Each structure stands twice: as structure tokens, then as C-alpha cells.
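This report refers to the structure that appears directly beneath it.
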Amino acid sequence: MSSVVAVPVRQRSALTLIVAGVLWGTGGLAGSILAARADLHPFSVAAYRLLIGGACVVLFLALSGGLRGFRCTRPVVRRLGVAGALLGMFQACYFAAVALSSVSIATMTTIGSVPVFVAFASAVRDRRLPGTATVVSIGAAIAGLVLLRWSPDGTGGGWRLAGGVAFALLAGGGFATLTLATRRPVEGLDPVRTTAFGLLVGGLLLLPVALWFGMALPSRFDVLAVALYLGLVPTAVAYGAYFRGLRDAQPVLAALSALLEPLTAALLSAALLGERLGVPGWCGAALLVSALAVSYWRR
């Protein structure tokens, strides 16, 4: 009976992680549109993303009665503080990596390093080397990401490139830590509450820097609609799905699901902006999908 129940649970967890990865992929396009139309610094876009996303989920909880009986116990405060700090760190380090190197290198290094960090931390925790399927899926994922996102033109060099890679690795380490630290449940916290208050804490931590760079939004429908979409869909809904999927999924599979973000962004750019992937790009996309399949079906 337990095996019969476990399969649907695993399928639901994998589905929610896939949804999270795909929705994250729309966030890059929405964030770039918001930055261009509102003339915002990337840190300000990140702060708006977290604050609007957190506010939307808190409003949903208030209207649906999800805040009833909520208590700020010490474990709850500790979990929300950790989640918020890691979310803020991930956003800040990623955008710093973009500013110092390029979007392609920052995304490739950040997202590609996450499953490696998670697999290494899991091996140290369990005192056991990763399985062959895990190593193969991670290797295929990194190779696919390189083929999909690598664009050496205009990346600069020297200390700027080194600094960009360093910040990207910090961002990847922060997201890997978030994956591992929030996997175990805390009494009084469900995925929706973790999403709501974790995003708010992360946004508040970024707020001083964002205010320094400026956060003025033009009172135009298109700008406000993009800001709302950025906070609601690829942030509130995506992180809610991710935290829910973490409860019953393997950490490496959860980390690999983040690879759907650059894949979705690349496909959207090809469909909406007329960018061509080429043969290497499509091969990279196939490798990313294969890596997820191997990670899901392994024993």
C-alpha cells in the first residue's frame, strides 16, 4: 500500500517543481521589461518582485483564513528569517553577477552550480557518494546549460569576470542552502505561509539598497501590470509551488527543476523576441530535459 501511495505523491511533487521552474523562466523577461519601462536598477526590480509577491500571498492568506491560528514561535521566526535572508541573498548576488559579467554567464553559473552544491551537501550529510544516475543527470544538466546559455561575446574579462562568477557561485550556494534548509517542515508553517513571509522578509532586507538606487514607478497601466505579474506569477505562485514540492521530492531533483528557468526563458525569447537558439541551443534544451527525466526516474 505504501508504494501505491508514494508514486502519486512523487508525481505531484515533481509536477509542482516543474511548474515552479517554468514560471521562474517568465520572470526574467518580465523583470527586464519592468526595468526598461520604469528605468529601475536591478536591485529595485528584485525588491519589488519579493515585496509584491509576499504581499499578494499574505493578502490571499488573510482572505482565505490562512492566518487563523498562526503563531510566531521561535522555530517559525527562525525558519522565516533563514528563508527571507537566503531569498534576498540569492537575488542580490545574482544581479551583482549580471552587472559584473553578463546575463548568460551569471545564469549559467548560478543555476548550473545549484544541483552540484545540493548533491555535494547531501553526500556529506549522508556520508555516501552520489549515485551514478545523480552524477549523470547533473553532468548532462550542466552541459545542456552551457549549450543553451553560453554567450562569450561582450562579457569582459579580468577582475570583472572573476567577480561576476564569484557572485554567481554565491547566488547558487544561497539557493542550494534554501533548498536544503526549508525541506523539513516546521510546526505552524506550511508552504504558503513560508512563501508569504519569506518573500516579505527578503524584500525588506533588499529595500534599503533598492531605495538608494530609486524605486519610483510611473503611473502607467503597462508598468503596473508588469510589476504585478512579476510579483504574483513567477514569484508568489512559483515559490509557493517550489516549497510545496520540496516536502516530498529529493533535493537534487528540486535543484534540477530550477534548470527549467533558463530553458523557458530561452524558448520565450525565441518565440516572442525572434531570437534563434540554433543547433547547440536545441541540443542543450534536450540535455536539460533528459537530465530532469533521469533524475526523476532513478531509483
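General remarks:
- Relative exposure of R12, R79, R184, judged by other C-beta atoms within 10 Å (fewest first): R184, R12, R79
- HN-Hα J in Hz across the stretch 163-179 - Karplus 6.51, -1.76, 1.60, θ = phi - 60°, x for Gly and Pro: x, x, 5, 5, 5, 5, 5, 4, 5, x, x, x, 5, 4, 5, 4, 4
- Residue-by-residue Karplus 3J(HN,Hα) for the stretch 52-60, coefficients 6.51, -1.76, 1.60, Hz, glycine and proline x: 5, x, x, 5, 4, 6, 4, 4, 4
- Note on A216 and A99: their simple-model spin labels are 2.0 nm apart, each label 7 Å out from Cα toward Cβ.
- Remark: spin-label model distance A123-V135 equals 0.8 nm, labels positioned 7 Å along the Cα→Cβ axis.
- Fewest-first ranking of W24, W159, using other Cβ atoms within 10 Å as the exposure measure: W159, W24
- At R0 = 35 Å, FRET efficiency that the Cβ-Cβ distance of V186 and W159 yields, to 0.05: 0.25
No lab work stands behind these numbers, since they all come straight from the coordinates. For clarity, every value in this text was computed on a predicted model and none was experimentally measured. FYI the Cβ positions are ideal-geometry reconstructions off the backbone, even for glycines, and counts take in every protein chain you see.
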